[in-house]
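The structure appears right after this line, and notes come after that.
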Ligand code: KIV
């Protein structure tokens, strides 16, 4: 079944949980499509997992389009959301609409995601008015890592929690059709999920959200620079891959790979003629 804005809103209404994973390439997108994951996020976390930056700030619109288009080529029914990177929407409402439009036109994605609450509500409203569905992202917003002084849980005090709840109301009122809640206390995320009409997708936000998102390399054990507390490992592909690479290295060096069956044949006569040249 094709996932759409309407089907995702219906899942919220009926209490069916929404699965979302990050993805940055064609082959992995095809595997997620086979697993019937509801939503893929082409996250600007590709700055960390694919490009090796310490944070997401250096990621460009062109990076997002390059990876987003590859993911869209690998999906049919999965709902694909592409992140708007740092400084592609913050400077002005105009920049926000132009860059959201470019991302949608050049990737074929179904929606864009941007970080922030009250501060970006006019940006969200204008993008939605242009016909582009928006997922908001509040709580710990990685593009503001320098303002937060690190990747820290947000909303623990009464004032901070009230601000996040107000952000949630603001982005819903501006027209976002879903919101990512990152690194906020579970009870606050559950309260926000109860109060909003639109689905909440949690990451480090407990089980009271309408859906969950994880970075795929974290949950499959492929990215190990750091592993956040909220990550659950579903497989250790990292170990499987290293063992495969080691076995290949050993066989190349011993001559066991490639064996005859993996080669291509030619007439011995041709080789004999060439040998005389
Ligand atoms: O970029 C990303 O991967 C994200 C998730 C952490 C939600 O925004």
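The values are calculated or read from the model by the stated rules, or taken from the named source; none is laboratory data. Every value quoted in this text rests on a predicted model; they were computed, and no experiment measured them. Neighbour counts are summed over all protein chains in view; Cβ atoms, including those assigned to glycine, are modelled from backbone coordinates with ideal geometry.
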### Message
Given the criterion over 19 Å from the mean Cα position of the chain (by Cα) and modelled with pLDDT under 95, identify the matching residue among 152, 121, 187.
### Response
152
## Note on the structure
In region 205-223, residues that are within 16 Å of residue 46 (Cβ to Cβ) and either touching a strand residue (DSSP E or B) at 6+ places or on another chain (Cβ under 9 Å) or at pLDDT 95 or above (or both) total 9
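Of everything in region 61-88 that's more than 14 Å from the ligand (Cβ to nearest atom) and under 22 Å from residue 117 (Cα atoms), which residue is surrounded by the most Cβ atoms within 10 Å (Cβ to Cβ)? Lay out the reasoning, then the answer.
Just the residues of region 61-88 that are more than 14 Å from the ligand (Cβ to nearest atom), to begin with: 61-62, 65-66, 69-70, 72-79, 87.
Filter once more, keeping what is under 22 Å from residue 117 (Cα atoms): 61, 87.
Numbers: 61: 21, 87: 14.
It comes out as 61.
Please enumerate the residues belonging to region 112-144 that are in a loop (DSSP other than H, G, I, E, B) and buried (at least 18 other Cβ atoms within 10 Å of the Cβ).
We begin by selecting, within region 112-144, every residue in a loop (DSSP other than H, G, I, E, B); these are 117, 130-133, 140-141.
Answer for region 112-144, where residues must be in a loop (DSSP other than H, G, I, E, B) and buried (at least 18 other Cβ atoms within 10 Å of the Cβ): 117, 132, 133, 140, 141.
Scan region 231-255 residue by residue and report those that are in a loop (DSSP other than H, G, I, E, B) and surrounded by 11 or more Cβ atoms within 10 Å (Cβ to Cβ). It would help to see each step written out before you state the result.
Going residue by residue through region 231-255, those that are in a loop (DSSP other than H, G, I, E, B) are 231-236, 255.
Passing the criteria: 231, 233, 234, 235, 236.
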### region 32-49: number of residues that are more than 17 Å from residue 81 (Cα to Cα) and away from the ligand (no atom under 11 Å from the Cβ)
2
### Query
In region 102-125, is there at least one residue being more than 19 Å from residue 213 (Cα to Cα), free of Cβ contacts under 8 Å to residues at least 40 places away in the same chain and within 14 Å of the ligand (Cβ to nearest atom)?
no
